[in-house]
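Okay, here's the structure, questions in a sec.
Each value in this text was obtained by applying a stated rule to the coordinates, not by laboratory testing. The structure displayed is predicted, hence computed values, not measured ones. Virtual Cβ from ideal backbone geometry, glycine too; neighbours counted across all protein chains shown.
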Amino acid sequence: MSTGRARAGLAGAAAPAGAWRPGSVPEQLGVAGLAAGGAAAAYQAALGGEGLWLPCPLRALTGIPCPLCGMTTAATGLASGDLVAALAANPFALLLAGFTLVMAVLMAARALGWAARAAQWPTSRRRQSYWVVGLLAAASWVFQLHRFGWV
């Protein structure tokens, strides 16, 4: 069997349990989100959300908040169940948490062979996703600029 046909045959086959690895960018972002969520939960459990302060480098150097300002506070707020504090710090954390949850379910389904493996996105879809991420980052930055009195 030629290499091309072998790859084509394997592309539709489900990976055996335990052999799954994140292959697509959304899956890799989902794994990063799960790691961040785990770190926020561990931080909340170990220190109660007190003691460790992670400054924003841009805000520390220039006084201007970055689009991700408030994410640590929002993540620990979500981990402790304080939705109001999380939304006040950075409402986009809730969007990222939802994305992470959806990706965790999808990755589990793929690992168990219940869902097809991730396919490579066409260039047009990748370009659209870059625009969506860029617009969300811009909206988050506008929120942070307003929150800190710049706008």
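Taking other Cβ within 10 Å of each residue's Cβ, how do F143, F148 sort, fewest first? It would help to have the intermediate numbers written out before the result.
Details: F143 18, F148 14.
Listed from fewest to most nearby Cβ atoms, that is F148, F143.
With charges only on Cβ, +1 for K and R and -1 for D and E, what is the dipole size of the stretch 22-147 about its Cα centre, in debye, rounded to 20?
Numbers: 7 positive and 3 negative charges, 102 e Å.
For the stretch 22-147, the charge dipole is close to 500 debye.
Return F99, F92 ranked ascending by Cβ neighbour count within 10 Å, so the fewest neighbours appear first.
Details: F99 14, F92 20.
Starting with the residue having the fewest Cβ neighbours, the order is F99, F92.
Test of the criteria: in the stretch 99-142, which trypsin sites (Lys or Arg not before Pro) are in a DSSP loop and have at most 16 other Cβ atoms within 10 angstrom of their Cβ? Could the numbers behind the result be given before it?
Numbers: sites: R110, R117, R125, R126, R127; in loops: R117.
Here the sparse-neighbourhood loop sites are R117.
OK, next. Which whole-Hz ³J(HN,Hα) couplings does the stretch 83-96 yield from phi under the Karplus relation 6.51 cos²θ - 1.76 cosθ + 1.60, θ = phi - 60°, glycine and proline marked x?
Rounded to whole hertz, the list is 5, 5, 5, 5, 5, 5, 6, 6, x, 6, 5, 5, 5, 5.
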